[in-house]
Amino acid sequence: MLLIPCPHCGERPEIEFAYGGEAHRVRAADPRAVDDASWTDYLYIRRNARGEFEERWRHAHGCGRFFNLRRNTYTDMIDRGAAR
Amino acid sequence: MSQSFRLAEGGRIDRSRTLAFRFDGRAYAGHPGDTLASALLANGVHLVGRSFKYHRPRGILTAGAEEPNALVGVGRDEGHYTPNLRATQVVLHDGLVAESQNRFPSLERDVGGLTDLFWKFIPAGFYYKTFMWPKTAWTRVFEPRIRAMAGLGRAPEIADAACYAQRYAHCDVLVVGAGPAGIEAALAAASSGARVILCDEQAEPGGALLAETDATLDGADVASFLATRLSWLQAAGQVTILPRTIAFGYFPHNMIGLAQDLTDHLGEPDDTQPRGRLWQVRAREVVIATGAIERPLAFPDNDRPGIMLADAARTYVTRYGVLPGRNAVVFTAHDSAYAAALALHRAGARIAAIADLRPDPSGELVEAARAAGLPIRPGCTLTGTEGRLRVTAATIARRDGGAGERLSCDLVLMSGGFTPSVHLFSQSRGKLRFDPALDAFIPGEPAEACRAAGAAAGTTSLADALASGRAAGEAAATAAGFTAPPAMAIAVANAPAATGGFLGATPHGRNSGAVRAFIDFQNDVTAKDISLALREGFRSVEHVKRYTTNGMATDQGKLSNMNALGIMSAELGRPIPEIGTTTFRMPYTPVPFGYFAGYARGALFEPERHTPIHDWAEEQGAMFEDVGTWKRARYFPREGETMHRAVARECRAVRASVGIFDASTLGKIEIVGPDAAEFLNRMYVNAWTKLKPGRLRYGVLLREDGFVIDDGVIGRLSDTRFHVTTTTGGAPRVLAMMEDYLQTEFPELDVWLTSTTEQYAVIAVQGPRARDVIAPLVEGADISGAAMPHMSMVECRVAGIPARLFRVSFTGELGFEINVPADYGRAVWEAVFDAGRRHDVTAYGTETMHVLRAEKGYIIVGQETDGTATPDDVGLAWAIGKAKPDFVGKRALDRAAFAGQTGRKQLVGLFTEPGDVVLEEGAHLVTDPDRPPPAEILGHVTSAYWSETLGRSIALALVRGGRDRIGETFHVKLSDRAIPVRLTDPVFYDREGARLDG
């Protein structure tokens, strides 16, 4: 079980969290201005990286906040300095 | 039976007490300190199992967790039965009952042993090539027979009578393994002030020290040295010592799974005491001191009972006071076998020969054996053995050829050197490094905060193991923020380093196609099988493993891995590091399911959610159904009523007078703040800005991909406060989705979200007389039709309790939903029910609710929708706020992919011909029922009921282009026939909505 650094509550076991998928995907401020191909990418395309990956977590059974962290998807090691 | 192979003295057993036990129905005796394996050997029993594939007779090979042969079923009765325990790990207790496995009718005469006669026809992977013909024979003949043959042991047939505990723990330093290195590591860490957990799989700490009788440490014998160290550890205060505890898995971020046996070693455990405890230990630093495992040598017929690893034999002599045989042939490539030969020799056994693969063995141990007059045969190999249920002879020959010499024996010891136990380190994703001097993989770059020590790290002498443990303990303490005081090195005497080793198949000069040298004893994989896999083109070690099953199951490479690599290396002409090694998977040894289940059994397995009105419904004899984790009243049968008749009665009552329904499970979210309306505008398809306080609106929620994910009625209490309802199962998902958008996409909005699902009980009163029922109970509000129209709400008191009263209908009748604080739910429910008696009020359940809403064509998200339905598909396009620039899912719906699409499945109603057939939900619609498959599927039934109101069956369906094909006839394929259906409008009853006003 991962030990996840919540930026608000500190390190907590994974069981308290919900996974939020890849980080830094931004919903366009005006989706009408985005073409179909870009919107399809936004909806469906993910990096699915093996190795370093920036992802979102929500401390669902704690403070409830979303946050980003960097995790190595192969070793599961978390960049504990980079949580934000 | 007497313990005729028990030595008169020596070992760590208590000869003053005798323990009686049974194996395969026969009575034996042993002593405290024995394992089942050592006690059986003391009684002269080697034959303990039949092998997995060939049903070959097998004996005890090892003295530890790596045992592949001596797998036994243990338990005094069915409720306490555990299969596949390794006899080498089963602590003997009085009254222990064990049985062998994989044999019928008995170990000595096993019918399955016939398989062994056909061994040449069933090499590795034979099942990929055979059983191909005739086609039907697979399901009828081959598969049932193979299934009957396959598997080891039998699962108990009744529930586990024992209970299990679970515990979380934290420590600064976890030390796995309480051998010489582990104890030193724990002492070093503890002396720094760190909190230490020291776990060990065996009944007493000590590891290899428990079998060491020659060495002296700081001038003391091993036993007193060990006792002193352990007393220091116990006195250290912050140390938890866990014997009988296996570290079975290394999980991310230094969480280690431990399985601690609590009562298996006791004679008659009390079932109210847990049998075992699962520990989840989060350690700052880990020291892996798991030792090393001796390798077998792969020579022809190396698997007969009486053939044993040399160090295991030494352990049986020195630790358990058991002579595993009286006339031994020793076959080795490693010095440690000499220590074993010496121990047996001193205990009175005859050593017929020591065949050493090495041309010129030397070193302290070799010299000691030579001095003792043991017949050493350098440069020799074993070319075969004899004996069916016990080895009777071995043939020794020069390694470089020549005639063999047949030696009678009752014991063959073998040693191919030691393999460090890197399982936990490998599970932690640490990188292994091949050490050419050791011919072994040892821990390299770690991935977690851990380090290996002792034999697991590749040390070859007791002195090195102790020093390595000390250093690892100090390093772990330092890394955890502590400082260990300096310590004196321990003076070790009479414990020479042991070196040597051999990987692969040993030379034997025989036709290699005609002999079997076992690599993996548990899975019956031979050297020939590995060669076959290579001949067939497998190159990757992972592929060879899967093709041959080498190192699978509980072995996990403990005994088999390195010899298989040795063969691959020799045949492919590539060094072992280039070939690599397979992944070591958890668990290290099998862990009973009960440990993982822990307390989560019975009522605690998945806790049920009950509404405040649950007990009332139960008292009325309601039948319940599971909706998510909720228990919901499905219908309220009267005496002798079937579900069909009860639902028909409930439906009639709601349409004719009034019904009362517990809707408390509806998900509820309170949305509050200056930007609450704007937030809802962005989340739901509907327009919310103009909804007046005191009014309700049916909301539809999409995912960003444009498909319906939830719906529910939303009430506006004030400019800045909304009462949102969701589907019963959808509340957590919807709240999480709202939080996601609010926190990450629309953080500028000033809104708070609060789950209120369990704050309110919801009492639905539905039917033409609904207003008459509740009117006398309502204070502070005018609920007349004029003052409170359909889809409005008011805050008032009902039966004296503050309430949010909604005028809303999921039945098509005049209806109200009364939201009151959950604690008052039952009281208000009973007050309404009492008031309703004059109007013949009827309690109804979810089944009637489903029928009534289907008569009105109201969808249920998750029943009419399946995650691929747009609002238009299910007839909800009207709900979309057309003027809104944006909402979740809008951009996806605007894509050309949707705009240009015709023939999407659309919601329609179905009338069957004849009208008394109720369709099956999920059944497919086709045009021509007689067309042979594959037929074009035009749609599927989403809901199907008997409509008491219409006096016929009705169904809802999603049908391709369905709205334009109303009136056409299709066919619904059921399992045994096809039913003609006519497409209709999905609203079957009161299309004008006149009944909403009573």
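A short reminder: the numbers here are calculations on the coordinates, not readings from a lab. Quantities reported herein were computed from a predicted structural model and do not represent experimental measurements. Cβ sites come from the backbone with ideal geometry, for glycine too, and all protein chains shown count toward neighbours.
Dipole of chain B computed with +1 at Lys/Arg Cβ and -1 at Asp/Glu Cβ about the Cα centre; of B:Tyr547, B:Ala533, B:Ser664, farthest Cα towards the positive end is B:Ala533. Counting only DSSP beta bridges with both residues in the stretch B:297-415, tell me the antiparallel percent, nearest 5. The antiparallel fraction comes to roughly 35 percent. How many Cβ atoms of partner chains, on average, are near each residue of B:133-140 if near means within 10 Å of its Cβ? Across B:133-140, the average partner-chain Cβ count within 10 Å equals 0. In order along the stretch B:974-979, the Karplus-derived 3J(HN,Hα) couplings, from 6.51 cos²θ - 1.76 cosθ + 1.60 at θ = phi - 60°, round to 9, 4, 10, 6, 10, 10 Hz, and Gly and Pro are given as x. Close amide H partners of B:Glu405, meaning residues 5 or more places away or on another chain with modelled amide H under 5 Å apart, are B:Ile396, B:Ala397.
In order along the stretch B:634-648, phi translates into HN-Hα couplings of 8, 7, 10, x, 8, 4, x, 7, 7, 4, 4, 6, 5, 5, 4 Hz, rounded to whole numbers, per the Karplus curve 6.51 cos²θ - 1.76 cosθ + 1.60 with θ = phi - 60° and x for Gly and Pro. What FRET efficiency, computed as 1/(1 + (r/R0)^6) with R0 = 45 Å and r the Cβ-Cβ distance, is obtained for B:Ser2 and B:Tyr168, rounded to the nearest 0.05? Once the sixth-power term is evaluated, E becomes 0.40.
Separation of the stretch B:618-679 and the stretch B:116-175, taken as the distance between their Cα centroids, equals 46 angstrom.
The string of couplings for the stretch B:65-73 from the Karplus curve (6.51, -1.76, 1.60, θ = phi - 60°) is 5, 7, 4, x, 9, 7, 9, 10, x Hz, one whole number per residue in order, with x for Gly and Pro.
Suppose R0 equals 30 Å; then what is the FRET efficiency for B:Ser16 and B:Ala491 from their Cβ-Cβ distance, rounded to the nearest 0.05? Result of the calculation: an efficiency of 0.30. Projecting the Cα atoms of B:Leu742, B:Leu233, B:Pro300 onto the charge dipole of the protein assembly as shown (Cβ charges, centred on the Cα centre) puts B:Pro300 farthest toward the positive pole. Annotation for B:Lys120 and B:Ala899: the two label points, set 7 Å from Cα along the Cα-Cβ direction, are 7.5 nm apart.
Selection among B:Trp630, B:Ser943, A:Leu3 by position relative to the dipole of the protein assembly as shown gives B:Ser943 as farthest towards the positive end (Cβ unit charges, Cα centre). For the stretch B:1-155, the relative contact order works out to 22 percent when only alpha carbon pairs closer than 8 Å and six or more residues apart are counted. Computed extension length for B:Thr216-B:Glu108: 34.4 nm, one decimal, from 0.36 nm per residue of separation with the Cα-Cα distance subtracted.
Taking the empirical scaling 2.2 N^0.38 Å for compact globular proteins as reference, chain B has a Cα radius of gyration ratio of 1.24. Basic side chains Lys and Arg get +1 at the Cβ, acidic Asp and Glu get -1 at the Cβ, and with that the dipole of chain B about its Cα centre reaches some 2040 debye. Note on B:Glu795 and B:Ser224: their simple-model spin labels are 8.4 nm apart, each label 7 Å out from Cα toward Cβ. Expressed as an acute angle from 0 to 90° and rounded to the nearest 10, what is the orientation of the C-alpha long axis of helix B:222-235 relative to the principal long axis of chain B? Orientation of helix B:222-235: about 30 degrees from the principal axis. FRET efficiency for the B:Ala148 to B:Arg837 pair, using the beta carbon distance and R₀ = 60 Å, is estimated at 0.40.
Under 5 Å from the amide H of B:Leu717 lie the amide H atoms of B:Gly694, B:Phe722, B:His723, each residue being 5 or more positions distant or on a separate chain, with H modelled from the backbone and absent for Pro and chain starts.
Taking Cα atoms only, the orientation of helix B:336-346 departs from the longest principal axis of chain B by about 60 degrees. Site pair B:Asp985 and B:Asp615 shows an inter-label distance of 4.7 nm when each label is modelled 7 Å from Cα along Cα→Cβ. Computed from point charges on the beta carbon alone (+1 for Lys and Arg, -1 for Asp and Glu), the dipole magnitude for the protein assembly as shown about its Cα centre is near 1800 Debye.
Pairs of Cα atoms nearer than 8 Å and 6+ residues apart set the relative contact order; for chain A it is 30 percent. Rounded to the nearest 20 debye, the dipole magnitude of chain A is 180 debye, with +1 charges on Lys and Arg beta carbons, -1 on Asp and Glu beta carbons, and the Cα centre as origin.
For chain B, the longest principal axis of the C-alpha atoms and the axis of helix B:825-836 are separated by about 40°. Extension gain, B:Phe605 to B:Trp138: 0.36 nm times the residue separation minus the Cα-Cα distance gives 164.3 nm. Residues whose amide H falls under 5 Å from that of B:Ile709, counting only those 5 or more places apart or on a different chain, are B:Leu701, B:Leu702, B:Arg703, with hydrogens built in the peptide plane. Secondary structure note: in chain B, about 75% of the DSSP beta bridges are antiparallel.
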